[in-house]
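Everything on this sheet refers to the single structure shown next.
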Amino acid sequence: MKPTRARNPLGPEYGDAINGWACEHALTRSVRDSAALLDATAGPAAGDPYGVSQPGRRFADEVGADPGRLRIGYTARTPDGAPRHPDCVAALDDAVALCAALGHEMIEADLPGLTPEVGSAIGTVFVAATAWIVQYWIRRLGRRPADDELEPLTRAYWERGEQVSAAGYLLAIEDCQAFARVVARFLTGIDVWLTPTLSTPPLRIGEIASTPQEPMRSARSGATTVAYAGVVANITGNPAMSVPLWWNADGMPIGVHFLGRYGDEATLLRLAGQLETARPWSGRRPPHSVAEVIRSG
């Protein structure tokens, strides 16, 4: 789960961490653990730059609670029309069928507003954020990074980010905030929005790698896996979750992604608990996992 912006405080070490794009939580094997952890870490804290409505009860109490009949929007289409892997489409089709069988209303709907201009703004913020992270460590360590201390892609983004002006950064933030308002209006008509998490199964180790001679190689190869707009939740601050309901022929979990309304982790946790009960996953291991290798060896 990715919690709502400001749900987990980032202070005192950080302020808002990229205008609220970054947040902290953990990958868990069960919905119960995710909810319990969020109960333990959620704010607010004094001086937080953003606010969010506080839950009416513990997040752990939402797990196992009836989500009711939800209106769930979904799409298999990527925003830019990029190809998507059949396994990812199959995972979405399976999730749509399961949610319908559980009594939810399924509505095919594309997310509006993710224009090339917004995509350009995202890129500006991303490279500027990389420059901020590197400058943070320069200030903390009192020196610049050595040649072997940054991956080639990180160094390339840092150099690009150093060229972004303050005005250019703020204009990009303004574009992204305008997009967040479009998403908020979109979510007034549905409770959650569903897509595949990735547009390909996980790539093999080494396929997403850059070299000093070709620093952008990993960005190009990695881009094939993220054609669906998982970054939307970072931009808008909305909560979201990836759920491993479907497994492909290689025994790999292929996730589906639910985007919720701002401040509404409760609906996501109730839905996740219902899906986990219908299709348990915590005991399953891919054949590539260390646990499975030890068990079979």
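Bear in mind these aren't lab numbers, they're just calculated from the coordinates by the rules spelled out. Since the model is a prediction, treat every value here as computed from it, not as a measurement. Virtual Cβ from ideal backbone geometry, glycine too; neighbours counted across all protein chains shown.
Things to note:
- The residue among LEU153, SER210, THR267 whose Cα reaches farthest toward the positive pole of the charge dipole of the chain, with charges on the beta-carbon of Lys, Arg, Asp and Glu, is THR267.
- For TYR228, the residues 5 or more places off, or on other chains, whose built amide H falls under 5 Å of its own are SER199.
- Amide H to amide H, with H built 1.01 Å from N, ALA240 comes under 5 Å of LYS2, GLY260, counting only residues 5 or more places away or on other chains.
- Evaluated with a Cβ-only charge set (Lys, Arg +1; Asp, Glu -1), the chain carries a dipole of roughly 300 debye about its Cα centre, given to the nearest 20.
- When the chain is described by a simple charge dipole with +1 on each Lys and Arg Cβ and -1 on each Asp and Glu Cβ, the residue from GLY168, ALA184, GLY51 located farthest towards its positive end is GLY51.
- Within the range 171-276, the trypsin sites (Lys or Arg not before Pro) that combine a DSSP coil assignment with at most 16 other C-beta atoms in a 10 angstrom radius are ARG204.
- Charge-dipole axis of the chain as Lys and Arg at +1 and Asp and Glu at -1 on Cβ define it, positive-most pick from TYR74, GLY142, GLY113: GLY142
- Estimated vicinal HN-Hα couplings, Hz - the range 218-235 in sequence order (Karplus 6.51, -1.76, 1.60; Gly, Pro = x): 5, 5, 5, 6, x, 4, 5, 8, 10, 5, 7, 8, x, 5, 3, 5, 5, 5
- Based on C-alpha pairs under 8 angstrom that are at least 6 apart in sequence, the range 1-123 has a relative contact order of 22 percent.
- Cα gyration tensor category, rounded, prolate or oblate, for the range 21-161 with a/c compared to 1.5: oblate
- Restricting the GluC sites (Glu not before Pro) of the range 134-200 to loop positions (DSSP other than H, G, I, E, B) with no more than 15 neighbouring Cβ atoms within 10 Å leaves GLU149, GLU162.
- With Cα atoms, 0 to 90° folded angle of helix 152-161 axis to the chain main axis: 70
- The HN-Hα couplings worked out from phi for the range 71-86 by the Karplus form 6.51 cos²θ - 1.76 cosθ + 1.60 (θ = phi - 60°) are 8, 10, x, 8, 7, 9, 7, 8, x, 9, x, 5, x, 10, 6, x Hz, whole numbers, x standing for Gly and Pro.
- Taking a ≥ b ≥ c as the square roots of the Cα gyration tensor eigenvalues, the range 161-283 comes out oblate, since a/c reaches at least 1.5 and a/b does not exceed b/c.
- Distance from the alpha carbon centroid of the range 161-177 to that of the range 84-144 works out to 19 angstrom.
- Amide hydrogen proximity for TRP247: with H placed 1.01 Å from N in the peptide plane, the residues at 5 or more positions away or on another chain lying under 5 Å are ILE254.
- When you restrict to C-alpha pairs under 8 Å that are six or more residues apart and normalise by the size of the chain, the relative contact order lands at 25 percent.
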